[in-house]
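The values are calculated or read from the model by the stated rules, or taken from the named source; none is laboratory data. Quantities reported herein were computed from a predicted structural model and do not represent experimental measurements. All Cβ positions, even for glycine, are placed from backbone atoms using ideal geometry, and neighbour counts span all protein chains on display. Keep in mind that these areas ignore ligands, DNA and RNA; they rest on the heavy atoms of the full protein, side chains included. Shrake-Rupley method; radii C 1.70, N 1.55, O 1.52, S 1.80 Å.
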Amino acid sequence: MASWIFQGNPEIFDIDAYLNNHKIIWWAVNQKQFVRKMNVGDEAYLWRSNSRKSSGGIVGHGILIGTPEVFTSDEMRQYFFEKKRGEAKLRVKISMDSVQLEPPKISRDFLKCDPLLSKLQILRFAKATNFELNKAQAQRLSELYFGMEGA
């Protein structure tokens with residue numbers, strides 16, 4: 001089982017409303033090198049990037065219940081501030097089991113101070129959407145996410 005971080009930018013997409021309103025979500029797969037690596041049962045952490053209104057960090061956890069496929073819906077399009085961004089594209093279906101938006105379940109600042117997780121790709125190259133975790137990072141993130149009330 002692989003573990004992933006999927007990033008959402010609240011300046012482009014109303015990630016908070018989307019996660020509040022849906023237990024089953026679809027998330028963009030923009031890094032094509034990961035398409036064949038994403039499988040049903042993989043673990044997904046949702047990351048909200050920093051914005052003027054909200055702080056960045058891990059805001060949710062779920063499990064992939066599908067593999068990447070081209071998807072769009074009129075209902076999903078309403079969460080994009082620019083409607084063309086909600087057009088059909090490669091996405092993966094995720095069943096969310098936990099969401100904590102404010103404050104993020106694990107803040108960006110907290111992760112930057114963790115000896116292992118401070119090396120996460122999302123902290124070093126934040127422009128991507130999809131990030132694969134190595135086994136040690138996945139284990140540590142799981143310990144933090146499920147072993148604490150918030151950081």
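Summary table below
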quantity: Length released on extending from residue 55 to residue 77, taking residue separation times 0.36 nm less the Cα-Cα span; calculated: 5.6 nm
quantity: Cα-based Rg of region 1-48 normalised by 2.2 N^0.38 Å, two decimals; calculated: 1.20
quantity: Region 1-149 - percent of accessible surface contributed by carbon and sulfur, probe 1.4 Å; calculated: 51
quantity: Whole-Hz ³J(HN,Hα) from phi, Karplus 6.51 cos²θ - 1.76 cosθ + 1.60, for region 31-43, glycine and proline x; calculated: 8, 4, 5, 9, 3, 7, 8, 7, 9, 4, x, 5, 8
quantity: 5 angstrom amide H check on residue 66, placed H, neighbours 5+ away; calculated: 41, 93
quantity: Cα gyration tensor, region 49-113 - rounded (a/c under 1.5), prolate or oblate; calculated: oblate
quantity: Amide hydrogen neighbours beyond the local backbone of residue 56, cut-off 5 Å, H modeled; calculated: 50, 51, 108
quantity: Candidates 125, 71, 13: whichever shows maximal mean-square fluctuation once the chain is modelled as a Gaussian network with Cα springs under 10 Å; calculated: 125
quantity: Area of residue 58 that stays accessible when all protein chains are in place (1.4 Å probe, Å², to 10); calculated: 0
quantity: Under 15 Å between alpha carbons - lysine pairs in the chain that sit 8 or more apart or on different chains; calculated: 6
quantity: Angle in degrees between helix 135-146 and the longest Cα principal axis of the chain, rounded to the nearest 10; calculated: 90
quantity: Volume per residue of the C-alpha convex hull in region 72-151, rounded to whole Å³; calculated: 137
quantity: Amide H partners (placed H, <5 Å) of residue 98, local residues excluded; calculated: 61
quantity: Test item: Cα-centred dipole of the chain, Lys/Arg +1 and Asp/Glu -1 on Cβ, debye; calculated: 560
quantity: Debye equation applied to the C-alpha atoms of region 14-137, log10 I(q)/I(0) at 0.14 Å⁻¹; calculated: -0.62
quantity: Where labels lie 7 Å past Cα in the beta-carbon direction, separation of residue 30 and residue 89 in nm; calculated: 0.6
quantity: Rounded accessible area per residue of the chain, 1.4 Å, Å²; calculated: 51
